[in-house]
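For reference, the structure is listed below as structure tokens.
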Amino acid sequence: MLELKGLKKLFGGITVLNDVNIAFQRGNKIGLSGGNGTGKSTLLNIATGFLTAEEGAVILNGDDITHFEAWKLSRLGVKRTFQKVRFNEALILKEQLYTSDDIIKRNLHILEGADIIDYLYSFPNEVPLPILRKIEVTRALLNRPKYLFLDEPSAGMAATDLHDFGEFLNNFIDAETCLVVVEHRLELMKKIDAKIYELRDGKLVNGNIFV
Amino acid sequence: MSLYLVTILTNMTLISFIAISAYLILIVGEVSFGQQAFFGIGAYMTATSTALLGLDIVIALFFAFMVSSSFALVLSFLTVRLSGLYFAVASLSFAELLRLSLYKVEYTVETNSGTIGPNGPEGFQNIRWIFENNISPENFLVIALSSLLTLIILLIFMENSKLFKNARLVGKDQIVAQSIGIGPFFYRIGFITLAGGVAGFGGGLFALFNTYVEPSMFGIMLGVHGLAYSIIGGLGYPLGPLIGVFIDIGLLESVRFLSEYRMILFGGLVAAILIIFPEGIISPRLVSRIKRKLVKKNNA
């Protein structure tokens, strides 16, 4: 279980998160919604180690990991994707899965399910955005994430692409993984049947909910 | 081969070590203006080991590698929180600090063949290893060139390793690197240290070949050239820096009649090449394209 306890985060005097409590249990699907600037991405960044909160703690299976660097959290199974896909323009996508051919072969069903095999030898600028998003998720899935945070995956995606993307998540996120989708649109969260929480004025609106 | 040609080729080989050391740091995403200092430390170390202590060349070069990489390790720890412009300035300051310190190092011994040992601004004279062992310039070229080739072959093999791929990712995008569990810290430390060692090894060979070294030889222009060779040659493949060296020295030598105007030509050349090849001649993208072609050919 990954718990965020009493998180408080300020940006230049503005309180973005104020006493936020939430727990992520493996096997759950959770949607974090909220308008622009409500602190959704900040929450994700703190949970994955890319930011540190002023107050509060991040607890993984009872261990305090508040001050762990992001790469350590990633090794512990807390993975993420990015709102703006991040790829190296100079490398073919297969190399950007950052894994061995062996692991790719063993997980071929994921790559087939994501419909990305035809694009593995392309450069990022030759590939449409919905495919790049699926490749980003696949990259995380190949490393068997225990907690997977998706940051605004629907940004720049048309309704049909989003449907397809949701289908892919439903097929390949298993009971070993807690999926957290951070979004301001609700379509995808409904599609994957996520439990939805809303951030408003620095708080999770439904109060301190433990899932 | 004429002595002139042998000398030029040897110089090209020796400066390639600096170019490769700059390349190694560029791979992890930093720009170092300080590799000349590690070259200098290697040179002084080798001079001390062979001329003062009478050690074997293999041991001397090993010392050169170890000591210069230790200094680089110190630099990498001191700059652990710096990147980009700040790292560049810090590396230059560190290099100048080391170089200027050499002006103060004095420990000389009188022998039959003259004064040996570091002697402040006058440098370290009478490094007679090459004469004592009857090494002709041609033979020395063979020694230097085979060292360089060994290094290149090693790097080419390592290029496909996880270590190098991760290092390149750290250099390109630390956030993605972190998100897949790669700690940038270790790669930066490792590559900056290795780069220092490579420069030091080259410096060691330089001291033996030149038979005389002084602090002013290891000024910033040496490092800038090394850096420029890597950038011209491209960061896609370990041969990039060598191509940079070849283009530059080859061209600069052929226009020696222009005397001091050659440096203007050098600057212009760097600019022109980077306009045509913004990422250097052997860019990472070019290497990826070639790899893709080869894969497709194999599958067909």
Which residues does the label zone of residue B:4 cover in the stretch B:248-291, counting backbone N under 12 Å from a point 7 Å along Cα→Cβ? B:253-257
Among rounded, prolate and oblate, which fits the stretch B:1-89 when a ≥ b ≥ c are the square roots of the eigenvalues of its C-alpha gyration tensor, a/c under 1.5 means rounded, and a/b larger than b/c means prolate? oblate
If you build a Gaussian network model of chain A, linking Cα atoms that sit under 10 Å apart, which residue out of A:105, A:190, A:146 swings the most? A:105
Expected integer from the mean partner chain Cβ neighbour count at 10 Å over A:66-77 is 4
What value in Å³ per residue do you get for the convex hull of the alpha-carbon atoms in the stretch B:3-299? 146
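Output the antiparallel fraction of DSSP beta bridges having both residues in the stretch A:2-210, as a percent to the nearest 5.
50
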Choose one answer from A:133, A:144, A:86: the residue with the largest mean-square fluctuation in a GNM of chain A with alpha-carbon springs under 10 Å. A:86
Can you show me the helix-derived [θ] at 222 nm for chain B, built from DSSP H runs with n ≥ 4 at -39,500 (n - 2.57) apiece and divided by the number of residues, rounded to the nearest 500. -23500 deg cm²/dmol
Can you tell me the 0 to 90 degree angle between the C-alpha axis of helix A:159-172 and the longest principal axis of chain A, rounded to 10? 90
What the 5 Å binned alpha carbon P(r) of the stretch B:80-183 shows, as percent of pairs per bin from 0, is 2, 9, 9, 10, 10, 15, 14, 10, 10, 6, 3, 1, 0
Pull up all non-local amide H partners of residue A:200: gap of 5 or more, or a different chain, and H-to-H distance under 5 Å with H placed in the peptide plane. A:205
In what order do A:41, B:230, B:254, B:68 fall by count of nearby beta-carbon atoms within 10 Å, going from fewest to most? B:254, A:41, B:230, B:68
Taking Cα atoms only, helix B:137-159 is inclined relative to the longest principal axis of chain B by an angle, in degrees rounded to 10, of 30
Just grab the label-to-label distance for residue A:160 and residue B:56, each label 7 Å out from Cα along the Cβ direction, in nm (one decimal). 7.3
With the cut-off at 1.5 for a/c, could you classify the stretch A:1-108 from its C-alpha gyration tensor as rounded, prolate or oblate? prolate
Taking chain B as a Gaussian network, where each spring joins two C-alpha atoms under 10 Å apart, which residue of B:271, B:37, B:72 fluctuates the most? B:271
Can you give the angle from 0 to 90° between the axis of helix A:129-142 and the longest principal axis of chain A, with both taken from C-alpha atoms, to the nearest 10? 80
Net charge contributed by nearby residues that have their C-beta within less than 14 Å of residue B:255 (K/R +1, D/E -1): -1
Note, the stretch B:77-85: 3J(HN,Hα) by Karplus (6.51, -1.76, 1.60, θ = phi - 60°), whole Hz, Gly/Pro = x, goes 6, 5, 9, 4, 9, 9, 8, x, 4
How far apart, in nm, are the 7 Å Cα→Cβ label points at residue A:26 and residue A:51? 2.8
From the Cα centre of the stretch B:163-201 to that of the stretch B:1-65, the distance in Å is 22
Would you please state which residues of the stretch B:272-298 a label at residue A:126 would reach in this model, taking the label point 7 Å out along Cα→Cβ and a backbone N cut-off of under 19 Å? B:283-298
Distant-in-sequence amide H partners of residue B:214 (H built 1.01 Å from N, under 5 Å): B:124
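Using square roots of five times the C-alpha gyration tensor eigenvalues, list the equivalent-ellipsoid semi-axes of the stretch A:2-210 in whole Å, biggest first.
29, 18, 16
Which of B:4, A:119 comes first, and how do the rest follow, when ranked by fewest Cβ neighbours within 10 Å?
So the residues, fewest neighbours to most, are B:4, A:119.
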Find the eigenvalues of the gyration tensor of the Cα atoms of the protein assembly as shown, then list the square roots of 5 times those eigenvalues as equivalent ellipsoid semi-axes, largest first, in whole angstrom. 53, 26, 19
What are the residues whose amide H is under 5 Å from the amide H of residue B:33, where those residues sit 5 or more places off or on another chain and H is modelled from the backbone? B:91, B:92
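Laboratory data are not the source of any read-out in this text; all were calculated from the coordinates shown. On a predicted model such as this, the values are computed, not experimentally measured, just so you know. Counting neighbours? That spans all protein chains shown, and the Cβs are built from the backbone with ideal geometry, glycine included.
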